[in-house]
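Asker: Following this message is one structure expressed as structure tokens.
The values are calculated or read from the model by the stated rules, or taken from the named source; none is laboratory data. Being a predicted model, the structure only gives us computed values, none of them experimental. Ideal geometry is used to build each Cβ from the backbone, glycine not excepted, and the neighbour counts take in all protein chains shown. Heads up: the accessible areas ignore ligands, DNA and RNA and are worked out on the full protein's heavy atoms, side chains in. Shrake-Rupley method; radii C 1.70, N 1.55, O 1.52, S 1.80 Å.
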Amino acid sequence: MRARYGVPLGIAAAGAAGLLYAAGFEARSFRLRRVTVPVLPPGMRPLRVLQVSDIHMVSGQRKKQRWLRSLAGLRPDFVINTGDNLSDPEGVPEVLDALGPLMEFPGAYVFGSNDYYGPTLRNPGRYLLEKVQGRHGLNGNPPVVGAVHNPWEDIRDGFDAAGWLNLTNTRGTLKIEGLSLELTGLDDPHIKRDRYARVAGGPSDTADFSMGVVHAPYLRTLDAFTADGYPLVLAGHTHGGQLCIPFYGALVTNCDLDTDRVKGLSTHTAEDRTSFLHVSAGCGTSRYTPVRFACPPEATLLTLVGRE
């Protein structure tokens, strides 16, 4: 009996323990990552930017709400929300409540596909298949039929009422202690809502600093921002791979970005120009896959400092 069943039972027990850890502990093990980025003009004072992304709020996620509210204690200069706030149409009040203390600071936002549409149950193996086939989101896949529409307008109205800038295929300017910060944003490339032609042209001469913001870091958007001369681009969407292999890393990014840049700070080059890219691993998951492994949920405090 032992020889016949010992190994399968051991594998099953290890799998169950891994699932319990991924869903019961790591998915709720919220972290703050700190990154320093040398992108400001020389002599300009440092700026502290808090990036929150991929909250995927489900009604009743009290620990996540408390943690998000606690981030206000960091006292950032401004906040950037890179989308996918919802994973439950009933979660809007909890998103606005959790982000309420952060909305006391200047901020801006873009939306992701999960702000507009409710999640669907899908086989996680499809992400690997789509990676092999080069198909992601609506980029190469047929249009979604019968999708659940989220009340994203309520989130937009709440953010706008707090004074956060809506960067949906447009530009906006934040004034912080006499500095003019230009933010150029795109709607979600994952569902082909990005319209770079509306914001093309690069940073304004009148801005003290300019940066790009987008939910999903598709290469076409990174190429456009970089070629136009933006020194920094912030994005989310990837969940850092969500289910990673220890000492190896992510298997997928759910877009055409390579897995080496699935999260954290890296660079991107296009047309002989180079920009810094920061991809947040986000702090949530789809309600249908509420697990993370070797990729804890996070927000990031970026300290922007002068270029050398």
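Asker: Which ³J(HN,Hα) values in Hz, rounded to whole numbers, follow from the phi angles of segment 241-255 under the Karplus curve 6.51 cos²θ - 1.76 cosθ + 1.60, where θ = phi - 60° and Gly and Pro get x?
Answerer: Once rounded to whole Hz, the list reads x, 6, 10, 10, 9, x, 6, 10, x, 7, 9, 9, 10, 6, 7.
Asker: Still on this model: How far is helix 152-161 tilted off the main Cα axis of the chain, in degrees rounded to 10, range 0 to 90?
Answerer: Rounded to the nearest ten degrees, it is 40.
Asker: Based on a Kirkwood Rh over C-alpha pairs, give the Stokes-Einstein translational diffusion coefficient of segment 179-231 at 20 °C and viscosity 1.002 mPa s in µm²/s.
Answerer: It diffuses with D of about 190 µm²/s by this estimate.
Asker: Residues in segment 230-251 near a label at Ser70, defined as backbone nitrogen under 13 Å from the 7 Å Cα→Cβ point?
Answerer: No residues fall inside that zone.
Asker: According to the square roots a ≥ b ≥ c of the eigenvalues of the Cα gyration tensor, what is the shape class of segment 82-217, taking rounded for a/c under 1.5, prolate for a/b larger than b/c otherwise, and oblate for the remainder?
Answerer: It is oblate, given that a/c is not under 1.5 and a/b is not larger than b/c.
Asker: Show me, bin by bin at 10 Å from 0, the whole-percent P(r) of segment 73-151 based on Cα pairs.
Answerer: 15, 36, 28, 18, 3
Asker: Out of all DSSP beta bridges in the chain, what portion is antiparallel? Express it as a percent rounded to 5.
Answerer: That works out to approximately 40 percent antiparallel.
Asker: Let me ask something else about it. Roll a 1.4 Å probe over the protein chains and send me the accessible area per residue for the chain in Å².
Answerer: Value for the chain: 45 Å² per residue.
Asker: Further question on the same structure: How large is ³J(HN,Hα) for each residue in segment 64-79, as worked out from phi by the Karplus curve 6.51 cos²θ - 1.76 cosθ + 1.60 (θ = phi - 60°), to whole Hz, x for Gly and Pro?
Answerer: 4, 5, 5, 5, 4, 4, 5, 5, 4, x, 6, 6, x, 5, 7, 10
Asker: List the residues whose amide H sits under 5 Å from the amide H of Ile176, counting only those 5 or more places along or on another chain, with H placed 1.01 Å from N in the peptide plane.
Answerer: Leu181
Asker: Along each of the three principal axes of the Cα atoms of segment 145-218, give the extent in whole Å, ordering the values from largest to smallest.
Answerer: 47, 28, 17
Asker: Report, to one decimal in Å, the Kirkwood hydrodynamic radius for the chain based on all distinct Cα pairs.
Answerer: 19.9
Asker: Given the protein chains as shown and a 1.4 Å probe, how many square angstrom of Ile80 are accessible, to the nearest 10?
Answerer: Counting only protein heavy atoms, the figure is 0 Å².
Asker: Now for a different question. Please compute, over every Cα-Cα pair in segment 144-287, the percentage with a separation greater than 21 angstrom.
Answerer: The proportion of pairs with Cα distances above 21 Å equals 49 percent.
Asker: At a 1.4 Å probe, what is the % contribution of carbon and sulfur to the accessible area of segment 12-163?
Answerer: On segment 12-163, the fraction of accessible area on carbon and sulfur atoms equals 58 percent.
Asker: Right, something else. How many percent of DSSP beta bridges within segment 166-308 run antiparallel, rounded to 5?
Answerer: Close to 55 percent.
Asker: Using alpha carbons only, how many angstrom separate the centre of segment 257-290 from the centre of segment 61-96?
Answerer: Comparing the Cα centres of segment 257-290 and segment 61-96, I get a distance of 20 Å.
Asker: Which whole-number percent is the relative contact order of the chain (Cα, under 8 Å, 6+ apart)?
Answerer: So the answer I get is 27 percent.
Asker: For Leu232, which sequence-distant residues (separation of 5 or more, or a different chain) have an amide H within less than 5 Å of its own amide H, given hydrogens modelled in the peptide plane?
Answerer: Here the answer is Gly212, Phe276, since their amide H atoms fall under 5 Å of that of Leu232.
Asker: Cα axis of helix 2-24 to longest principal axis of the chain: angle in degrees, 0 to 90, nearest 10?
Answerer: Helix 2-24 sits at roughly 30 degrees to that axis.
Asker: Now for a different question. In percent, how large is the relative contact order of segment 213-301, given Cα pairs closer than 8 Å and 6 or more residues apart?
Answerer: Taking the mean separation of contacting Cα pairs over the length of segment 213-301, I get 33 percent.
Asker: On to the next question. For the residue pair Val148 and Arg195, what label-to-label distance in nm results when each label sits 7 Å from Cα along the Cα-to-beta-carbon direction?
Answerer: 2.9
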